[in-house]
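My questions all concern the structure below.
The values are calculated or read from the model by the stated rules, or taken from the named source; none is laboratory data. Nothing here was measured: the structure is a model prediction, and the numbers come from that model. With ideal geometry, Cβ positions are generated from the backbone for all residues, glycine too; neighbour counts draw on all protein chains shown. SASA here: full protein model, heavy atoms, side chains in, ligands and nucleic acids out. Shrake-Rupley method; radii C 1.70, N 1.55, O 1.52, S 1.80 Å.
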2 protein chains.
Amino acid sequence: MLTVRLDSEEPLADQILRGIRSAIASGELPPGAELPPVRQLAVDLGVNLNTVARVYRVLQTSGLVHTARGRGTRVTNNREVPATDRNEALERMTQQAEALLADAKLAGMRRAQVERLWERACQTIWPTA
Amino acid sequence: MLTVRLDSEEPLADQILRGIRSAIASGELPPGAELPPVRQLAVDLGVNLNTVARVYRVLQTSGLVHTARGRGTRVTNNREVPATDRNEALERMTQQAEALLADAKLAGMRRAQVERLWERACQTIWPTA
DNA sequence: GTCATTGTCTCATAGTGTGATACTTTGGGG
DNA sequence: CCCCAAAGTATCACACTATGAGACAATGAC
């Protein structure tokens, strides 16, 4: 379901966070779904249990999951999106998109290739079929 | 031309690097164009000159600019794209795109909004007009 | 040769990411 | 009722990184 690279420059916690957020966004982890215990996921990924625990805490702080001692962690049912984050998120995403496209162009990719990549990513997050 | 946020969680050097890479990719900094001296850019951005110097070094290592003591830094004329980086770059971009879209969806954005944002970013990097 | 200008090097320091280990809460089975 | 297994949490340590301060070295104009 999820993998991490220890040799990546992206921190382990960030990789895990990204993976779980994607899974929640796409519906692969629907509301109410239970996440694996920190220890198990930690062993599966080959990282320290604290690393996973910190990710779970971030997810809880942002309201995506609900977690409690002794009872596990599961995806929140009804999420409220805080409107305050909107503008900030918009700017961040704009920068991210620009960086992605700059990377692509400087790596020698054609625009059409990037569009295909984008389409596939959209299918992952907003599955139509 | 370029700004940084000291309160951002993104490191200063990364912000600067991102900005310059975008400028080169879009053609705003065409081949042969001279970059500002490290000291001047450092003052303009309000960061240490080392931070800028490190960014220039990264750019030089990746072949985007040519820099020499006492003579300044300018954008490389004829770039060769190392083919070895292609696959790695592709995977990184796919992950980046997925993360961006997951962020967008979890922030409550509609797909159409994200598409508009994407279109605008494309216009920045691949200006058609 | 001298000097201003350019990038480079060295060192110090605060902060961050990760890990090892111990603790606390919860709920179920003797 | 008691205790234990299982779940998340807290504390401490340590390496590494990002940034900054200041000294150094190469270049070219005069």
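Which distances, shortest first and in nm, link A:R71 to the matching position in the other copies, using label points set 7 Å out along Cα to C-beta?
Result, one decimal in nm: 6.9.
Using unit Cβ charges (K, R positive; D, E negative) and no other charged atoms, how large, in debye to the nearest 20, is the dipole of the protein assembly as shown about its Cα centre?
Values: 34 positive and 30 negative charges, 15 e Å.
About 80 debye.
Taking chain B as the reference, fit the longest principal axis to its C-alpha atoms, fit the long axis of helix B:12-26 to the helix C-alpha atoms, and give the angle between the two in degrees, 0 to 90, nearest 10.
For B:12-26 against chain B, the angle is about 80 degrees.
Would you list the P(r) distribution for region A:12-75, with all Cα-Cα distances sorted into 5 Å bins from 0 and each bin expressed as a whole %?
Answer for region A:12-75: a P(r) of 4, 19, 32, 29, 15, 1 percent.
While we're on this one: From the convex hull of the Cα coordinates of the protein assembly as shown, what is the mean projected area in square nanometres?
15.8 nm²
How many partner chain Cβ atoms sit within 10 Å of a residue's Cβ in peptide B:115-125, on average, as a whole number?
Counting other chains' Cβ atoms within 10 Å and averaging over B:115-125 gives 5.
Output the relative contact order of chain B, whole-number percent, from Cα pairs under 8 angstrom with separation of 6+ residues.
About 23 percent, as a whole number.
Let me ask something additional. Please work out how much accessible surface B:D103 shows to a 1.4 Å probe, ignoring ligands, DNA and RNA, in Å² rounded to 10.
30 Å²
Could you give the Stokes-Einstein D for region B:85-125 in µm² per second, using the C-alpha Kirkwood radius, 4 °C, 1.567 mPa s?
Estimated diffusion coefficient is 116 µm²/s.
Here's something else I'd like to know. Check which residues have an amide H placed less than 5 Å from B:V65's amide H, if you skip close sequence neighbours.
Under 5 Å from the amide H of B:V65: B:Q60, B:T76.
Taking one equal scatterer on every alpha-carbon of chain B, how large is log10 of I(q)/I(0) by Debye at q = 0.13 1/Å?
-0.68
A further question on this structure: Show the residues, 5+ positions off or on another chain, whose built amide H is closer than 5 Å to the amide H of A:L35.
A:T73, A:R74, A:V75
Under unit Cβ charges (Lys, Arg +1; Asp, Glu -1), what dipole magnitude, rounded to 20 debye, does chain B have relative to its Cα centre? Could the numbers behind the result be given before it?
Values: 17 positive and 15 negative charges, 58 e Å.
Charge dipole, chain B, about its Cα centre: 280 debye, nearest 20.
Averaged across the residues of B:104-114, what count of C-beta atoms belonging to other chains lies within 10 Å of each residue's C-beta?
Rounded to a whole number, the mean comes out at 6.
Another question about this same structure. Averaged across the residues of A:13-23, what count of C-beta atoms belonging to other chains lies within 10 Å of each residue's C-beta?
Working: counts 0, 1, 1, 0, 1, 6, 4, 1, 6, 8, 1.
Other-chain Cβ atoms within 10 Å of each residue's Cβ, averaged: 3.
Quote the accessible area belonging to A:L6 in square angstrom, nearest 10, computed with a 1.4 Å probe and with ligands, DNA and RNA left uncounted.
Ignoring ligands and nucleic acids, A:L6 comes out at about 130 Å².
In debye to the nearest 20, how big a dipole does region B:85-125 give about its Cα centre with +1 on each Lys and Arg Cβ and -1 on each Asp and Glu Cβ?
Computed charge dipole of region B:85-125: roughly 260 debye.
Still on this model: Compute the label-point distances linking B:N50 to its equivalents in the other copies; points lie 7 Å from Cα along Cα→Cβ; give nm, one decimal, shortest first.
Ordered by distance, the counterparts are at 2.7 nm.
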